[in-house]
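I am attaching a structure below and will ask some questions about it afterwards.
Every number in this text was worked out from the coordinates using simple rules, so none of it is lab data. Owing to the predicted nature of the structure, the values given are computational and were not obtained by experimental measurement. Virtual Cβ from ideal backbone geometry, glycine too; neighbours counted across all protein chains shown.
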Amino acid sequence: GVLPGWDNPAHLVCSYLTARYFLPNLSVLGWDPYNNFGWPFNQYYNPGAYMLVASIHLMGVSDVNLAYKLAFTLTYLLPAVSAYAYVEALAGDPLAACLAALACVVVMPQESEWLDAGLRQMYVVGMWPQRLGIGLALASIASLTLALRSRGSRWAIYTSATSTLTALTILSHPMTGIGLAASLT
């Protein structure tokens, strides 16, 4: 019942080890067999995705494989929700926001499993931490857009949300985080 795809089995193993050793013990050393001689940052390229799976597992989903599939589904839907929030914050038009959200989940026959961060790339290649980063980055930009229009306590809340979402984006996929930092700047 493991999702096929080149990277999915390795992501599942790292998610399991994150849920079993890293999060409960808060120790990054000695828990990852793919870790290059105890240097966590060499291998740990997508910790945000692994921590999402581990968090779902620790919240009561006893099977890590089921937690992985739930995280996979949430990651597929996250850019749609984030695009809706972004377009709504930018334009204030709910119809345009719905169309932007729909465009994030529609799968076209021309979708490339290597070039598009869509369902084929997630399922065939297993590159879903990238899509998680894209969804978080869109949410971060939406939050910054709302912060720029707000005053008082709402400004502080949206600015804090932007910072948190930016950190989660960098954890989920570093290259998406770099793109987000350039966009925010």
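Can you figure out the FRET efficiency of M108 with W6, using R₀ = 22 Å and their beta-carbon distance, to the nearest 0.05?
0.50
Between Rg and the Kirkwood Rh of the chain, both from Cα atoms, what is the Rg to Rh ratio?
1.00
Normalised by the residues of segment 59-153, what does the relative contact order come to in percent, with Cα pairs under 8 Å and at least six apart? List each step's numbers first, then the result.
Details: 99 pairs, mean separation 31.7, N = 95.
With pairs under 8 Å counted, the relative contact order is 33 percent.
Per the helix-only calculation at 222 nm, which mean residue ellipticity applies to the chain, given -39500 (n - 2.57) for every DSSP H run of n ≥ 4 and division by its residues, nearest 500 deg cm²/dmol?
-21000 deg cm²/dmol
Applying the Karplus parametrisation 6.51 cos²θ - 1.76 cosθ + 1.60 with θ = phi - 60° to the phi angles of segment 45-58, what ³J(HN,Hα) value in whole Hz is obtained for each residue in order, glycine and proline being reported as x?
Using θ = phi - 60°, the values come out as 7, 10, x, x, 5, 5, 6, 5, 4, 5, 5, 4, 5, 6 Hz.
Over the chain, what relative contact order in percent results from Cα pairs under 8 Å that are six or more residues apart?
22 percent
Set the Förster distance to 35 Å, then compute FRET efficiency between R151 and L74 from the Cβ-Cβ distance, nearest 0.05.
Efficiency at R0 = 35 Å is approximately 0.60.
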